[in-house]
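Engineer: This is the structure I want to talk about, given as structure tokens.
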Amino acid sequence: MSESPSSSPLPRVKSPEELRSRRWFGPADLRSFGHRSRAMQMGYAPEEWTGKPIIAILNTWSDLNPCHAHFKQRVDDVKRGVLQAGGFPVELPAISLDESYLKPTSMLYRNLLAMEAEELIRSHPVDGVVLMGGCDKTTPGLMLGATSANVPAIYLPAGPMLRGNWAGKVLGSGSDSWKYWDELRAGKITDKDWLGVEQGIARSYGTCMTMGTASTMTAIAEAAGMCLPGASSIPAADANHIRMASACGRRIVEMVWEDLTPQKIQTRPAFENAIAVAMAMGCSTNAIIHLIAMARRAGQDIGLDDFERYSRKVPVIGNVRPSGSTYLMEDFFYAGGICALMGNIREHLHLDCLTVTGRTMGENIADAKVYNDDVIRPLSNPIYGEGSLAVLKGNLAPSGCVIKPAAMDQKFLKHSGPAVVFDDYPSMKKAVEDEDYPFTPDSVLVLRNAGPQGGPGMPEWGMLPMPKKLLKMGLRDMLRMSDARMSGTSYGACILHVSPESFVGGPLALLQTGDIIEMDVQARSLNMLVSEAELERRRAAWVQPAARYERGYGWMFTKHIRQADEGCDFDFLGTEFGAPVPEPVIY
């Protein structure tokens, strides 16, 4: 699973006198006296920290985050590894962004976690950091903060939960929630069946075991070089996960001595590796937003065109739901995991990229093997001939939008139909339950005012519910469109991230019910068949909706959030906004 710390080819370049933490503890002055005496107040002796790297463990555990329920124990496993390697571990709690409970959406707070992580690292006497995350927004949030702080960092993924089970059927997080909810609405299963699904779909701690956003983003962190080899594939309840946690603790100590920082790992080729792996895995559509933000925070100009380029050449070979039809992340791990998948697409990777092991990506995957070639397919037998995602542009989305062709009814790859437009989720939800509402199989269901500012926070509303009328006709997919996101566990012909969003006057704001929408995935186009003159007339009459917030964090969010095609980072956190933040003064 992982390289031992001693296997790193990188030399130690730091001496104990050069440790960052020594600024707090080393000087013979009154301020450092205070730091040392307060450490002794907590029961520590000088022998425990003197001349040793102090390792922060950013732990996103909480009682309302089932994905991270095991982090209370894993933090002790990390500490054990740090101590084994001669470091001094300190746990720093960070905000826990649970996907299930946090409203209106965890995406509203991704940048808050990024800011907290950056400031926790910079403001404390730490030499390196282990980032403990996994639930969807915790991976990009922690990575964004650690990238900006730029002390040696390693990412510890939470790991997927075990397979779900109900009535002898294997259940997948999210994917089967939508599936059986539609079956219940269509009258195909009973309320008792639905309760059985509810009780059986989440059987252990850990993240969604489908190829949702959580597993997508931890795989991206590994492909970008920030995890130990294979770490992102290990199920949360597997004993390998415990060993991986302690290995992270050992390795981060060596990274401090080697001065191996995120800036040295997160190059443009590293992020291109992440895009290639995401496409091959059948990734979540959320990958685009988070990866763009992560790359740009590292000073790398990654954009939608890079995703489109890799989409055309890297097929989906990870046969994991929802892009795949059968398997889940537990099966993916048994089949060889992320290293095996990267071995199968090595021709599309930059194998010379440096990773947290101190070795290259090519060295990390040199011995990778596939143990089930139906779960991890060869390039010659993909489950979908192009990448997981496609970027569309046109007069409805001049800055771009995204669709997941690998997880939709293929008859919608080219579609033309009349729009049925809703300005808010409650009115749309009411309409889809009305069996007399004039939906047809060709209708394009549209929700707007659900983007970064409109949502607010761009909620995962984008897998718009199928109208009950169509479900009872036996249909299970239709073309749907919004400026929202959708869960990576979702599926269907859903156009997402329409940019610019309607709330700020993007073209989606001008669409009207009855307008014909044309989409062609192969041509990467999305347009409304409305004349420019008519659009100008509508634009002149458009009135921007009232601001969502008048104070607080929400107000700051709406003032500074960028659009989806730019990664939804805050403008003032970008590397181009100003000079790097210096080390804190200690007087």
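The values are calculated or read from the model by the stated rules, or taken from the named source; none is laboratory data. None of the values given here were measured: they were computed from a predicted structure. All Cβ positions, even for glycine, are placed from backbone atoms using ideal geometry, and neighbour counts span all protein chains on display. Note: accessible area is taken over every heavy atom of the protein model, side chains too, but ligands, DNA and RNA are not part of it. Shrake-Rupley method; radii C 1.70, N 1.55, O 1.52, S 1.80 Å.
Engineer: Restricting to the range 548-575, what's the tally of residues that are over 23 Å from the mean Cα position of the chain (by Cα) and not small (Gly, Ala, Ser)?
Structural biologist: 6
Engineer: Something else about it: For ARG243, state whether it is open to solvent by less than 10 Å² (accessible area, probe 1.4 Å), modelled with pLDDT of 95 or more and touching a Ser or Thr at 6+ places or on another chain (Cβ under 9 Å).
Structural biologist: In short, no.
Engineer: Another question, if that's okay. For ASN395, state whether it is more than 24 Å from the chain's Cα centre (by Cα), open to solvent by 60 Å² or more (accessible area, probe 1.4 Å) and of a type outside the set (Lys, Arg).
Structural biologist: No: the conditions fail for ASN395.
Engineer: Right, something else. So in the range 338-349, with the set limited to residues that are more than 22 Å from the chain's Cα centre (by Cα) and not small (Gly, Ala, Ser), which one is surrounded by the fewest Cβ atoms within 10 Å (Cβ to Cβ)?
Structural biologist: By that ranking, first place goes to GLU347.
Engineer: Within the range 308-321, which residues are part of a loop (DSSP other than H, G, I, E, B) and open to solvent by 20 Å² or more (accessible area, probe 1.4 Å)?
Structural biologist: ARG321
Engineer: Sticking with this structure for a sec: Output yes when any residue across the range 324-337 is closer than 15 Å to ASP374 by Cβ, open to solvent by 40 Å² or more (accessible area, probe 1.4 Å) and among the small types (Gly, Ala, Ser), and no when none is.
Structural biologist: Yes: the range 324-337 contains one or more residues that are closer than 15 Å to ASP374 by Cβ, open to solvent by 40 Å² or more (accessible area, probe 1.4 Å) and among the small types (Gly, Ala, Ser).
Engineer: Another question, then. Under 7 Å between Cβ atoms, at least 6 apart or on separate chains: pull out the pairs that start in the range 10-23 with a residue that is polar (S, T, N, Q) and end on any residue that is crowded, with 16+ Cβ neighbours inside 10 Å.
Structural biologist: SER21/ILE54; SER21/PRO125; SER21/VAL126; SER21/ASP127
Engineer: Scan the range 182-229 for residues that are open to solvent by 30 Å² or more (accessible area, probe 1.4 Å), of a type in the set (A, V, I, L, M, F, W, C) and under 25 Å from the mean Cα position of the chain (by Cα) and jot them down.
Structural biologist: ALA202, CYS208
Engineer: Inside the range 33-72, can you point out the residues that are part of a helix (DSSP H, G or I) and free of Cβ contacts under 8 Å to residues at least 12 places away in the same chain?
Structural biologist: Selection gives PHE33, GLY34, ARG36, SER37, ARG38, MET40, GLN41, PRO46, GLU47, LYS72.
Engineer: Can you pull out every residue in the range 477-496 that is open to solvent by 10 Å² or more (accessible area, probe 1.4 Å) and either at pLDDT 95 or above or not in a loop (DSSP other than H, G, I, E, B) (or both)?
Structural biologist: ASP477
Engineer: I'd like to know if the range 258-265 contains one or more residues that are at positive phi, crowded, with 24+ Cβ neighbours inside 10 Å and touching a residue at least 24 places away in the same chain (Cβ under 8 Å).
Structural biologist: Within the range 258-265, none of the residues are at positive phi, crowded, with 24+ Cβ neighbours inside 10 Å and touching a residue at least 24 places away in the same chain (Cβ under 8 Å).
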